[in-house]
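Undergrad: The structure's right below; bear with me while I get my questions together.
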Amino acid sequence: MTTPAIEARGLSKTFGAGSEAVHALDDVSLTIRQNEFFTLLGPSGCGKTTLLRLIGGFEQPSKGDVFLEGQQLTGLPPFKRPINTVFQSYALFPHLSVGQNIAFGLEMLGRPKEEREARVEQMLDLVKLDGYANRKPAQLSGGQQQRVALARALASQPKVLLLDEPLSALDLKLRKEMQIELKRLQTETGITFVFVTHDQEEALTMSDRIAVMENGHILQIGSPTEIYEHPQRRFVADFIGETNFLEGRIETAGHSAVARLACGSSLALNGQAGSTDGEAVTLAVRPERAIIVPAGGASSEGGLPAKVGAVVYMGTDTTYHLTLADGTPFVVRSQNSEGARLDLANGADVTVQIAPAALQRLAD
Amino acid sequence: MVSASGKRILQITPAVAIIGFFMVAPLGLMAYVSLLEKGLNGGVKWDQHTVEAYVNFIFERDFDDNLILNTDYLQIFARSFGLSLLTAVLALAIGFPTALYMAMQPEGRRNLLIFLVTIPFWTNLLVRNYAWILLLRNGGLVENLLHWLGLSDQPLGLLYTPVAVSIGLTYSYLPFMVLPIYASLEKMDSRLIEAAFDLGADRKRALTRIILPLATPGIAAGCILVFVPALGAYVTPELLGGGKSMMIGNLIQGQFGAARNWPFGAALAFALLAIVLLAMTIYLMRFRRPPEGH
């Protein structure tokens, strides 16, 4: 196994002191592989930006160490780290032209003029801004400034590129374009990207792996599929995508365990070993993994009885807001393929079918 | 009914009246005075027009009414410019680091620091200059301090020298240097400095390549705000220069006072104004704001 691009060991960061101390990061360890598109995902204040700033050297950890390709970075100022950052506000130098901005890092490294000029051309080509070298940042649109910021950070070929919510200032359409663009740049340059965002869709679209953070902790690290389909914690399941939570107790422990839910029905838990009788469980079900069947229909056996609330037509799919027997809300989403749409009136009785594979048991 | 354009004129009337009354009228009056014959005991002869005052600035007349070059006044102007320039440089050398320090402080403390910078304004200029006499005179605090430090054992004779004037002027006008530089540094995005560090610039290069260029408009404004009033300063050269290092302000005051030559005083004032306007024009042409947006 190759050395990891970034390794954080037991990182803690506390701002302030005494009773006003804020623990932005609490004993965080993680490993980011070479050439990986790694995303730190979480709501604002979860510590993701602090973690990024510790890697970049803008803050020093209160405890713990950061390693870059096995070498300790702790204590090094940002200008001595071969890591560059794309800032949320882009932070382009307003008094320098686009070309001068891109060449800045190379100039600081003392590279000769010819090399800098060639590299600027190359970078402008990479971010599709050929011919913009002499413009000032203020003359560019937000999306173009974003590209210049990327080109500037990539020009000196850093080992790792840190991106601090770089797309949050762009409108939806541009954001989608830039998501694809960023992924392309990462693949083409082969540089490790560490991307910070609070947008779960952005994280799922671009990342090789995602770390979901909350309150200064990493809750789960995994590929987008793992994070989405097998969330380990309630927060992860709730933060990424829509989720129905079902509370219950294990009724028959063992390999083919059955959970008795709060609504009175039972569900078979396939392969959910290691449980004991009477243990409380929380199950997560994605709305698109549940099937809605009209009451009295052919396959209405063994499901959860529910009443229909609102039915929301959303173009590609329809969302059914249901209420289970004990009043727990439950959302089912089904695709609007030919003839699949159910004509259900408010208050109609239905049954929700959930396959054992669609059930994800949560740790909390 | 008042027409639309008539209404517009009515609306700007107060502004026009204020500018006219407080700026154009006094200046016009002085310009007129500078072109009149002087009265014997001060004042002017309102019906006798002459450009004699402007001629006197550069020439003097001998008994045969020939014009002879007289550089006395030009020398005073040159000394004033030199001292004002020195003052601006000193104020910049002290003011820029001060402003940079202030701009780097947390928001709450910045306001306190701004207040501290402006505190001297709350005291009378005369009092502050007298304080400097006590500091700079022989046997004063500065001399005693240098003696105590062992840097000198001679009486310094600092007071009543151009150096004393320059120290006094720097002290008086320092806030005018600090505040505009602070304003330009304060609105600078601190991420720009982080970005410079991030891209491999050390402190020195972040300062010279990013902070200084972005603070240039503030530095230029500060230099003008110090240089221009220093050029016309009256109180400080009078008290700390002891009449030996006469500056333009004292010369003009003398013409309206003891010399009883109002037209010449007015002409000197206009020569100064012309030079200041020239400096301002150069500034505006050099630091005109670049067009914003697209």
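Read the figures in this text as sums done on the coordinates, not as results from a lab. This structure is a prediction, so every number in the text was calculated from the model and none was measured. Please note: Cβ atoms are built from the backbone with ideal geometry, for glycine as well, and neighbour counts cover all protein chains shown.
Undergrad: Counting other Cβ atoms within 10 Å, which trypsin sites (Lys or Arg not before Pro) in region B:164-267 have at most 15 and lie in a DSSP loop?
TA: Passing sites in region B:164-267 are B:LYS187, B:LYS244.
Undergrad: With the cut-off at 1.5 for a/c, could you classify chain B from its C-alpha gyration tensor as rounded, prolate or oblate?
TA: Oblate, because a/c is 1.5 or more while a/b does not exceed b/c.
Undergrad: Using Cα positions and a limit of under 24 Å, work out the lysines in reach of A:LYS48, with same-chain residues fewer than 8 apart set aside.
TA: Cross-link targets: A:LYS13, A:LYS63, A:LYS80, A:LYS159, A:LYS176, A:LYS183.
Undergrad: Whole-Hz Karplus ³J(HN,Hα) for region A:347-357, in order, using 6.51 cos²θ - 1.76 cosθ + 1.60 and θ = phi - 60°, x for Gly and Pro?
TA: Those phi angles translate into x, 5, 8, 9, 10, 9, 9, 10, 5, x, 5 Hz.
Undergrad: Still on this structure, I have one more. Suppose only helical runs count, i.e. DSSP H with n ≥ 4. What mean residue ellipticity at 222 nm does that imply for the protein assembly as shown under -39500 (n - 2.57) per run, divided by all residues and rounded to the nearest 500 deg cm²/dmol?
TA: -13500 deg cm²/dmol
Undergrad: Hey, rough spin-label estimate for B:LYS7 and A:ASP317, points 7 angstrom out along Cα→Cβ, what's it come to in nanometres?
TA: Roughly 6.0 nm, to one decimal.
Undergrad: Lys and Arg at +1, Asp and Glu at -1: add these up for the other residues within a Cβ distance under 15 Å of A:ALA118 and post the number.
TA: -3
Undergrad: Report, in debye and to the nearest 20, how large the dipole of region B:72-260 comes out about its Cα centre when Lys and Arg carry +1 and Asp and Glu carry -1 on their Cβ.
TA: Dipole size: approximately 120 debye.
Undergrad: For a footprinting-style exposure proxy, rank A:GLU202, A:GLU188 by other Cβ within 10 Å, fewest first.
TA: Lowest count first: A:GLU188, A:GLU202.
Undergrad: Set the Förster distance to 30 Å, then compute FRET efficiency between A:ASP130 and A:GLU242 from the Cβ-Cβ distance, nearest 0.05.
TA: Working from the Cβ atoms, E equals 0.10.
Undergrad: Now for a different question. Would any residue of region A:96-114 have its amide N under 12 Å from a label point 7 Å out along Cα→Cβ of B:LEU100? List them or say none.
TA: Answer for this model: none.
Undergrad: Please determine, in degrees from 0 to 90 and to the nearest 10, the orientation of helix A:98-108 with respect to the longest principal axis defined by the Cα atoms of chain A, where the helix direction is its Cα long axis.
TA: Taking Cα atoms only, the helix is inclined about 70 degrees.
Undergrad: Looking at B:GLY222, A:GLY264, A:THR2, which one has the Cα that reaches farthest to the positive end of the dipole of the protein assembly as shown (charges on Cβ: Lys, Arg +1; Asp, Glu -1)?
TA: B:GLY222
Undergrad: Return the single residue from A:GLY222, A:GLY16, A:GLY278 with maximal mean-square fluctuation; model: Gaussian network over chain A, springs between Cα atoms under 10 Å.
TA: A:GLY16
Undergrad: Now for a different question. Give me the net charge of A:ARG184's neighbourhood, meaning all other residues with Cβ under 11 Å from the Cβ of A:ARG184; Lys, Arg count +1, Asp, Glu -1.
TA: Result for the neighbourhood of A:ARG184: -1.
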